[in-house]
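One structure is given below, encoded as structure tokens.
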Amino acid sequence: MLDGLEVTIIGALGAVLTSPHTLNLSPQAVGASGSCYLAGAVAGALLFGAATDRFGRRRIFFLTLGCYLAGVALSAFAWNGAALGAFRLLTGLGIGGEYAAVNSAVDELIVTAASAPPRGAGLFAGHCLPEFG
């Protein structure tokens, strides 16, 4: 859910970020900041995915949550396009790590009795059903 919010934030603030009264970014720089977020999410999933098995989901969950919160807070205080891109990358690292740490934990928490839905069904439903209203 947070990943959609993050993408929407940059899309909604794009016009504001190009204003001379704010960061005065070019449209390409605004797009690049969105790409930095996406690259961070991929890198975070790969990096923290391996770390969850080694150090535990709880520890990595809180680490990635801190990474996400720091990235969001710092993004609000970016002084130029490069700083915004770096902070969006940090935000993406946190979100990507959340995917790796939380999705496996949710999958494990689903009841595995014979009458329960197949493992992963809750995760599938959580991601897909909001798309259908």
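Within segment 64-85, can you find the residues that are small (Gly, Ala, Ser) and either touching a residue at least 60 places away in the same chain (Cβ under 8 Å) or out of contact with any Ser or Thr (no Cβ under 9 Å at 6 or more places or on another chain) (or both)?
If the condition is that a residue be small (Gly, Ala, Ser) and either touching a residue at least 60 places away in the same chain (Cβ under 8 Å) or out of contact with any Ser or Thr (no Cβ under 9 Å at 6 or more places or on another chain) (or both), then Gly66, Ala73, Ala76, Ala82 are the ones that fit.
Step by step: first the residues of segment 57-70, then only those that are within 16 Å of Val106 (Cβ to Cβ) and surrounded by 13 or more Cβ atoms within 10 Å (Cβ to Cβ), then the one that is farthest from the chain's Cα centre (by Cα). Which residue is that?
Arg57
I'd like the full set of residues that are aliphatic (A, V, I, L, M), more than 12 Å from Ile95 (Cα to Cα) and either touching a Gly at 6+ places or on another chain (Cβ under 8 Å) or in a helix (DSSP H, G or I) (or both), limited to segment 61-85.
Listed by number, the residues that qualify are Ala73, Leu74, Ala76, Ala82, Ala83, Leu84.
In segment 16-50, how many residues are of a type in the set (A, V, I, L, M) and either outside any helix (DSSP H, G or I) or closer than 20 Å to Phe77 by Cβ (or both)?
7
Could you list all residues from segment 86-108 that are of a type outside the set (A, V, I, L, M), in contact (Cβ under 8 Å) with a residue 40 or more places away in the chain and buried (at least 22 other Cβ atoms within 10 Å of the Cβ)?
Of everything in segment 86-108, those that are of a type outside the set (A, V, I, L, M), in contact (Cβ under 8 Å) with a residue 40 or more places away in the chain and buried (at least 22 other Cβ atoms within 10 Å of the Cβ) turn out to be Arg88, Thr91, Gly92, Gly94, Gly96, Gly97, Glu98.
Looking at Val72, Val16, which is the one that is in contact with a helix residue (DSSP H, G or I) (Cβ under 7 Å, 6 or more places away or on another chain) and of a type in the set (Val, Ile, Thr)?
Step by step, each of Val72, Val16 is checked, and only Val72 is in contact with a helix residue (DSSP H, G or I) (Cβ under 7 Å, 6 or more places away or on another chain) and of a type in the set (Val, Ile, Thr).
Scan segment 1-54 residue by residue and report those that are closer than 14 Å to Tyr68 by Cα, surrounded by 15 or more Cβ atoms within 10 Å (Cβ to Cβ) and touching a residue at least 60 places away in the same chain (Cβ under 8 Å).
Residues satisfying the conditions are Asp3, Glu6.
Read-outs throughout are calculated quantities, based only on the coordinates presented, and are distinct from any laboratory measurement. Worth saying up front: this structure is predicted, and the values here are computed from it rather than measured. Cβ sites come from the backbone with ideal geometry, for glycine too, and all protein chains shown count toward neighbours.
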